[in-house]
Amino acid sequence: MAYGEGVAYTFPPLANSDYLLQNRKESIRGVKFGRQGELIVNGITYNNAMTPLGLEDEEVADVMNYILNSWGNSSSKIVTVDEVEAITE
Ligand code: HEM
């Protein structure tokens, strides 16, 4: 949603998401390929599905860098295209 807050129990937040900030590879994989199944974000269990977004690797890197540095999130290590390329389903 506008401030990355998600919808509790349905769409996990991106703002202040412990999952996003601590599971870099898994988060890249989710943005690249979509994801489904059980997922715990900030202590709340989600069990839903995110469809693949259909982005190129460079776009996945851009989106990751945006979400890692928005709504109070901050990450000093930039996500590169090489890093996205290396992640497979
Ligand atoms: C640029 C757009 C998007 C980004 C960057 C994004 C990113 C993420 C990330 C990083 C997660 C992992 C959990 C977390 O840290 O919150 C996640 C999970 C999820 N996303 Fe997205 N997402 C996007 C678009 C969407 C859309 C359009 C939908 C729904 C139509 C969606 C539905 C979900 C759901 C339901 C989950 C949890 C899946 C589960 O329970 O296994 N996302 N998303």
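The values are calculated or read from the model by the stated rules, or taken from the named source; none is laboratory data. What you are looking at is a predicted structure, and each value in this text was computed from that prediction instead of being measured. Heads up, the Cβs are rebuilt from the backbone with ideal geometry, glycines too, and the neighbour counts pull from every protein chain shown. With ligands, DNA and RNA removed, areas are computed over all heavy atoms of the protein, side chains included. Shrake-Rupley method; radii C 1.70, N 1.55, O 1.52, S 1.80 Å.
Per residue, how much accessible area does the chain have with a 1.4 Å probe, in Å²?
Working: 5740 Å² over 89 residues.
Heavy-atom SASA per residue in the chain reads 64 Å².
Would you please state which residues of region 1-38 a label at Ala86 would reach in this model, taking the label point 7 Å out along Cα→Cβ and a backbone N cut-off of under 11 Å? Of the residues in region 1-38, 25 have backbone N under 11 Å from the label point off Ala86. Please check which bits of region 47-89 a label hung off Ala2 would reach, taking the label as a point 7 Å along Cα-to-C-beta and the cut-off as backbone N under 15 Å. In region 47-89, the label zone of Ala2 (backbone N under 15 Å from the point 7 Å along Cα→Cβ) covers 71.
Axis angle, to the nearest 10 degrees, between helix 57-67 and the longest C-alpha principal axis of the chain: 40 degrees. In this structure Asp62 has an accessible area near 90 Å², from a 1.4 Å probe over the protein heavy atoms.
A cut-off of 5 Å between modelled amide H atoms, ignoring neighbours fewer than 5 places along the same chain, links Tyr46 with Leu39, Ile40, Val41. Compute the acute angle (0 to 90°) between the alpha-carbon long axis of helix 24-33 and the principal axis of greatest extent of the alpha-carbon atoms of the chain; round to the nearest 10°. The angle comes out near 90 degrees.
Surface composition of the chain: carbon plus sulfur atoms contribute 53% of the solvent-accessible area (1.4 Å probe, protein chains only, all chains present). Sorted largest first by accessible area at a 1.4 angstrom probe radius, with every protein chain in place, the residues Met50, Met64 fall in the order Met50, Met64.
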